[in-house]
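Written below as structure tokens is the structure these notes are about.
The values are calculated or read from the model by the stated rules, or taken from the named source; none is laboratory data. Please read these numbers as outputs of a predicted model, since none were measured by experiment. With ideal geometry, Cβ positions are generated from the backbone for all residues, glycine too; neighbour counts draw on all protein chains shown. For accessibility, only protein heavy atoms count, side chains too; no ligands or nucleic acids. Shrake-Rupley method; radii C 1.70, N 1.55, O 1.52, S 1.80 Å.
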Amino acid sequence: MNGWRPIEVLLVEDDQGDILLTKEAFDLNKVRNRLHVVNDGEQAMAFLRQEEGFAGSPRPDLILLDLNLPRMGGMEVLREVKADVALRTIPVVILTTSEAEEDILHSYRLHANAYVSKPVDFEQFIRVVRQIDDFFVTVVKLPAQGLPPDGPT
């Protein structure tokens with residue numbers, strides 16, 4: 001899919017337990033991808049735009065986005081990413097505890113690429129992370145890094 005280059009994954013999550021679980025899932029699954037973590041929506045946008053201490057941060061190939069974030073919520077982050085011509089081609093997977101139909105519908109209306117409810121059980125969480133990784137690394141073709149954005153905003 002992407003040659004030998006591991007993909008850059010941005011995890012936008014404020015819950016330290018979920019961050020640890022995600023890191024463990026990556027380790028247990030032998031995921032070669034690079035996981036970057038930010039703890040709120042404002043940090044996510046700074047990372048994506050390489051601002052405020054994130055200069056030189058890599059452009060993510062995939063964003064795992066929680067909805068319930070401090071300072072700037074996940075829906076707002078999703079809206080900004082998909083409205084930005086330079087960022088909109090980055091796939092965004094909503095990875096959240098919310099199973100509310102309104103959150104699911106709103107996420108897809110804002111062009112989320114997938115919506116996944118976080119399992120509470122560790123084994124199921126590991127399986128979900130493995131499936132996300134398998135899908136986006138093995139099955140899906142992602143845009144090459146550094147390609148200029150196309151089309152109007």
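Quick notes on this one:
- Verdict on residue 107 being farther than 18 Å from residue 14 by Cα, small (Gly, Ala, Ser) and at pLDDT 90 or above: yes
- Residue in segment 74-81 that is modelled with pLDDT of 95 or more and surrounded by fewer than 17 Cβ atoms within 10 Å (Cβ to Cβ) present: yes
- Residues that are free of Cβ contacts under 8 Å to residues at least 24 places away in the same chain and of a type in the set (Asp, Glu) are absent from segment 70-78 altogether.
- Yes/no for residue 87 being modelled with pLDDT of 95 or more, of a type outside the set (Phe, Trp, Tyr) and part of a helix (DSSP H, G or I): no
- Restricted to segment 117-148, and to residues there that are surrounded by 11 or more Cβ atoms within 10 Å (Cβ to Cβ), farther than 17 Å from residue 60 by Cα and among the charged types (D, E, K, R), the residue that is modelled with the highest pLDDT is 118.
- Matching option when the condition is touching a strand residue (DSSP E or B) at 6+ places or on another chain (Cβ under 6 Å) and open to solvent by 20 Å² or more (accessible area, probe 1.4 Å), among 55, 114: 114
- A count restricted to segment 22-48 and to residues that are among the basic types (Lys, Arg) and either open to solvent by less than 60 Å² (accessible area, probe 1.4 Å) or without any contact (Cβ under 8 Å) to a residue 24 or more places away in the chain (or both) stands at 2.
- Test: residue in segment 97-104 that is touching a residue at least 40 places away in the same chain (Cβ under 8 Å) and of a type outside the set (S, T, N, Q): no
- Scanning segment 90-104 for residues that are assigned to a helix (DSSP H, G or I) and open to solvent by 80 Å² or more (accessible area, probe 1.4 Å) gives 101, 102.
- When segment 105-127 is filtered for residues that are without any contact (Cβ under 8 Å) to a residue 40 or more places away in the chain and of a type in the set (Val, Ile, Thr), the ones remaining, listed by number, are 116, 120.
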